Amino acid sequence: MASRPVPDHVPPELIHNIGLIESPEFLAAPHDFMAALHDRCPPIFWSTGTQSAGWNLIKHEDAFFMLRSAEYFTNKGGTPFPRDPANPFRLLPVEADPPEHRQFRNVLDPMLSPQGILRLEHTIRKLANDLIDEVEAKGECQFDEAFGRPLPVSIFLDLMGLPQDMRDTFVEWAVDLLHATDPAVAGRAYWAICGYLEGAIEDKRKRPDDGAMSRIINGQIDGEPMSAQDVFGFTVFLFIAGLDTVFATLNNMWLWLAQNPAKRREIIARPDDIMAINEELLRRFAVTFSGRTLLKDIEMRGVRMKAGDKVMSILPACNFDPEVFPNPLSVDFDRKRKPILSFAGGVHSCMGAHLARLEIRIGLQEWLRRIPDFELKPGFTAEFRPGGVVGPEHLPLVW
Amino acid sequence: MPHITYVAHDGASQTLDITAGENVMHGALYNGVEGIVGECGGALACATCHCYIDAAWVDKVGGPASDAERDMLGSAGAEVKPESRLACQIVVSDALDGLVVHMPDRQF
C-alpha cells in the first residue's frame with residue numbers, strides 16, 4: 001500500500017516516518033517504542049506510515065482535546081473496516097456523532113455500567129476457573145489459546161445471549177478475521193460472522209431475552225425502533241470491539257507478569273488494592289489508537305491542521321506522557337490516580353470499559369490464586385503482530 | 001422515587017425522579033441533563049461528572065467516598081471546592097430524596 005501524499009500545508013520539519021504499527025523497531029517492543037516517541041518526535045507531527053498517515057498526537061492533553069471536541073473531530077466513516085456496498089452499515093455507536101450518538105449509547109450503557117455488569121461477575125469467575133482447570137495440571141499452556149482468546153469470547157456470547165457451544169467457532173472466526181495475513185481468509189470469516197449474526201438477530205426477534213442483542217433490537221432512536229441496518233451495525237461492532245482488545249491486553253499483561261515475579265508477589269500480597277493495580281496495568285499496556293477526521297481548520301500547539309486531515313491519537317504514548325505520569329514505563333501501583341487513555345475518552349469513551357476491567361481483574365485474581373508462579377517457555381521471544389491492536393501473537397507459559 | 005435537583009452553572013434547574021440505587025451521574029445522563037459528562041461511565045477514571053453538593057446537603061452526602069475519588073477530583077476541569085464530589089460516586093437513596101447538586105462551569 002502506498003502512502004498518501006503529504007498535503008502542502010504540512011511543514012517538512014513536522015514530517016516523521018516513525019514506522020508505527022509495522023516497522024521492526026515497533027514490533028520488537030511496541031510499548032517501549034511508543035514511550036520513546038516523546039524523546040524522538042515533536043508533540044504533534046505528520047506521520048507518513050502506510051497505516052498511520054496523517055497527524056499523530058502523543059500528549060495526554062492533546063488526545064483528550066481531540067476526543068472531547070466532536071465539533072472539530074468527527075468519527076464518521078472513521079473505522080477502517082470492510083463493508084458490503086449493498087449493505088453500507090455504520091458500526092455503532094462508534095461511527096455516530098453527538099447528539100445521535102448518546103441515544104445509541106443509552107441502549108446498552110445501563111447493561112454495561114459498573115452496576116450492570118456485576119451480574120456477570122459470577123459467570124466470568126466460573127469461566128476463568130473452567131479455563132484454568134484445563135491447563136493447571138499440565139504445567140504449561142499457550143496462554144493466548146488457553147485463556148486470552150476464549151475468556152472474552154465466552155463472555156461476549158453470554159452478554160449477547162448466544163449459546164456457549166459457539167465458542168470455538170467464534171474463536172476461529174475472530175482469529176481469521178483479525179489475524180489472518182491472507183485477505184481471502186479474513187474475508188471468508190467476515191462473511192461467516194455476518195451471516196451468523198443476521199440469523200441470530202432474526203432468532204432474537206422471535207424469541208427475545210434480556211441479553212444485549214435483544215436490547216439492541218428493541219432499542220429506540222428518536223422514539224422509533226432502530227433500523228435493521230443499525231441493529232446489524234451495532235451487533236457487528238460489539239463483536240469486533242470486544243474480542244481483540246481484551247485478548248491483546250491479557251497477553252501483554254501476562255507476558256510482563258511472567259517476567260516480573262516480584263510484581264506478581266506484590267499483586268498477590270495486596271488483594272485490597274486490586275482496582276488500583278488493574279488501572280496501572282491498563283495504563284502501562286494500552287493496546288489501541290483513536291482516529292478522527294477534522295471537520296474544520298484548527299491550530300494546536302502552533303501546528304495548523306486543515307479540514308479533511310486525518311488525526312490519530314497514539315493512546316499508549318499518551319499514557320506514557322512524562323508530564324502526567326512521571327517515569328512512565330515503570331509499573332507503580334501507588335501512582336496518584338489520573339485519567340488514563342486506554343479506553344479513549346470523550347463521548348466515544350469505550351462502552352465496554354467496565355466489562356473489560358472486570359474481565360481483567362477476575363483474570364488476574366483467579367490466575368494468580370491458582371498459578372502464582374509461572375514464566376515464559378525457555379527460548380521463547382515474543383513477536384508482536386502488526387496492526388491496530390498491540391499485543392504478542394503467541395505466549396507459551398510454563399510453571 | 002427520590003427526586004434530585006440539578007442546577008446548571010447559569011442557575012437553571014431541573015428536578016428529576018431517579019431510581020434508588022442509581023447514581024447521580026447516570027440520573028443526569030439518562031435524562032439528558034447538560035453539564036454532567038460522565039465519559040468514563042462511573043469507573044472513577046475521568047473526573048467529568050464533577051458537581052458541588054448544595055450547602056444544605058453537604059453533611060448528609062459527605063465527602064469523597066474513597067481515596068480514588070479524592071485523587072480523581074484533582075483532575076477536574078473546574079475549581080475543586082470542599083463540597084466537590086464526583087456524581088458517579090453518589091448513590092441515590094430515599095435518604096437523599098430532595099438532594100440538590102450544582103454543576104460547575106465546565107467538566108474539562
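The values are calculated or read from the model by the stated rules, or taken from the named source; none is laboratory data. Because the structure is a prediction, the values reported are computed rather than measured. Note that each Cβ is placed from the backbone with ideal geometry, even for glycine, and that neighbours are counted across all protein chains shown.
Suppose we keep only residues that are touching a residue at least 40 places away in the same chain (Cβ under 8 Å) and aliphatic (A, V, I, L, M) within segment A:30-49. Which one would you say is surrounded by the fewest Cβ atoms within 10 Å (Cβ to Cβ)?
Among residues in segment A:30-49 that are touching a residue at least 40 places away in the same chain (Cβ under 8 Å) and aliphatic (A, V, I, L, M), the one surrounded by the fewest Cβ atoms within 10 Å (Cβ to Cβ) is A:ILE44.
Can you spot a residue in segment A:50-65 that is in contact with a helix residue (DSSP H, G or I) (Cβ under 6 Å, 6 or more places away or on another chain), buried (at least 19 other Cβ atoms within 10 Å of the Cβ) and either outside any helix (DSSP H, G or I) or modelled with pLDDT under 95 (or both)?
In the first step, residues of segment A:50-65 are kept if they are in contact with a helix residue (DSSP H, G or I) (Cβ under 6 Å, 6 or more places away or on another chain); the result is A:57-58, A:60, A:63.
Those still in the list that are buried (at least 19 other Cβ atoms within 10 Å of the Cβ) too: A:57-58, A:60, A:63.
Now narrow it down to the ones that are either outside any helix (DSSP H, G or I) or modelled with pLDDT under 95 (or both): A:57-58.
Within segment A:50-65 (the criterion being in contact with a helix residue (DSSP H, G or I) (Cβ under 6 Å, 6 or more places away or on another chain), buried (at least 19 other Cβ atoms within 10 Å of the Cβ) and either outside any helix (DSSP H, G or I) or modelled with pLDDT under 95 (or both)), the answer is yes, since at least one residue qualifies.
Mind counting the residues in segment A:352-385 that are part of a loop (DSSP other than H, G, I, E, B), within 14 Å of chain B (Cβ to nearest Cβ) and either on the phi > 0 side of the Ramachandran plot or in contact with a Pro (Cβ under 7 Å, 6 or more places away or on another chain) (or both)?
Going residue by residue through segment A:352-385, those that are part of a loop (DSSP other than H, G, I, E, B) are A:352, A:371-374, A:377-383, A:385.
Add one more test, that the residue is within 14 Å of chain B (Cβ to nearest Cβ), and what stays is A:352.
Subsequent filtering for residues that are either on the phi > 0 side of the Ramachandran plot or in contact with a Pro (Cβ under 7 Å, 6 or more places away or on another chain) (or both) retains none.
Residues flagged as part of a loop (DSSP other than H, G, I, E, B), within 14 Å of chain B (Cβ to nearest Cβ) and either on the phi > 0 side of the Ramachandran plot or in contact with a Pro (Cβ under 7 Å, 6 or more places away or on another chain) (or both) within segment A:352-385 amount to 0.
Return a yes/no flag: does segment A:259-268 have any residue that is closer than 30 Å to A:LEU162 by Cα and polar (S, T, N, Q). Before you say what the answer is, go through the steps one by one.
Going through segment A:259-268, the residues closer than 30 Å to A:LEU162 by Cα turn out to be none.
For segment A:259-268, residues closer than 30 Å to A:LEU162 by Cα and polar (S, T, N, Q): absent.
Can you tell me which residues in segment A:286-343 are among the polar types (S, T, N, Q), in a loop (DSSP other than H, G, I, E, B) and within 14 Å of chain B (Cβ to nearest Cβ)?
Across segment A:286-343, the qualifying residues are A:ASN319, A:SER342.
Just checking, how many residues over segment A:304-328 are in contact with a strand residue (DSSP E or B) (Cβ under 9 Å, 6 or more places away or on another chain), surrounded by fewer than 18 Cβ atoms within 10 Å (Cβ to Cβ) and touching a residue at least 60 places away in the same chain (Cβ under 8 Å)?
The initial filter retains those residues of segment A:304-328 that are in contact with a strand residue (DSSP E or B) (Cβ under 9 Å, 6 or more places away or on another chain), namely A:304-315, A:317-318.
Checking the rest, the ones that are also surrounded by fewer than 18 Cβ atoms within 10 Å (Cβ to Cβ) come to A:304, A:306-308.
Checking the rest, the ones that are also touching a residue at least 60 places away in the same chain (Cβ under 8 Å) come to A:304, A:306.
The total comes to 2.
Of the residues A:THR293, A:THR288, which is touching a Phe, Trp or Tyr at 6+ places or on another chain (Cβ under 8 Å), in contact (Cβ under 8 Å) with a residue 40 or more places away in the chain and hydroxyl-bearing (Ser, Thr, Tyr)? Write out each step before concluding.
Details: A:THR288 fails: touching a Phe, Trp or Tyr at 6+ places or on another chain (Cβ under 8 Å).
Checking each option against the conditions leaves just A:THR293.
Every residue, every condition in (1) in contact (Cβ under 8 Å) with a residue 24 or more places away in the chain; (2) farther than 18 Å from A:MET351 by Cα, yes or no:
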{"site": "B:GLY11", "(1), (2)": "no, yes"}
{"site": "B:GLY27", "(1), (2)": "yes, no"}
{"site": "B:GLY35", "(1), (2)": "yes, yes"}
{"site": "B:GLY42", "(1), (2)": "yes, no"}
{"site": "B:ALA45", "(1), (2)": "yes, no"}
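So, in segment A:21-39, exactly how many residues are in a loop (DSSP other than H, G, I, E, B) and farther than 16 Å from A:PHE285 by Cβ? Spell out how you get there, then give the answer.
Step one: filter segment A:21-39 for residues in a loop (DSSP other than H, G, I, E, B), giving A:21-23, A:29.
When the remaining residues are screened for being farther than 16 Å from A:PHE285 by Cβ, the result is A:21-23.
Matching residues across segment A:21-39 total 3.
Starting from residues that are touching a residue at least 24 places away in the same chain (Cβ under 8 Å) and in a loop (DSSP other than H, G, I, E, B), keep the ones in segment A:96-107 and report whichever is nearest to the other protein chains (Cβ to nearest Cβ).
Filtering first and then ranking leaves A:PRO98.
Given A:PRO85, A:PRO110, which one is without any contact (Cβ under 8 Å) to a residue 12 or more places away in the chain and either under 27 Å from A:GLY352 (Cα atoms) or within 14 Å of another protein chain (Cβ to nearest Cβ) (or both)? First the steps, then the outcome.
Numbers: A:PRO85 fails: either under 27 Å from A:GLY352 (Cα atoms) or within 14 Å of another protein chain (Cβ to nearest Cβ) (or both).
Going through A:PRO85, A:PRO110 in turn, the sole match is A:PRO110.
In segment A:113-147, which residues are within 14 Å of chain B (Cβ to nearest Cβ) and either free of Cβ contacts under 8 Å to residues at least 12 places away in the same chain or assigned to a helix (DSSP H, G or I) (or both)?
Applying the first criterion (within 14 Å of chain B (Cβ to nearest Cβ)) to segment A:113-147 yields A:113-119.
Scanning segment A:113-147 gives A:GLN115, A:GLY116, A:ILE117, A:LEU118, A:ARG119.
So which of A:ARG370, A:ARG301 ends up being under 25 Å from A:ILE124 (Cβ atoms), surrounded by fewer than 16 Cβ atoms within 10 Å (Cβ to Cβ) and not aromatic (Phe, Trp, Tyr)? Steps first, answer last, please.
Values: A:ARG301 fails: under 25 Å from A:ILE124 (Cβ atoms).
Only one candidate qualifies: A:ARG370.
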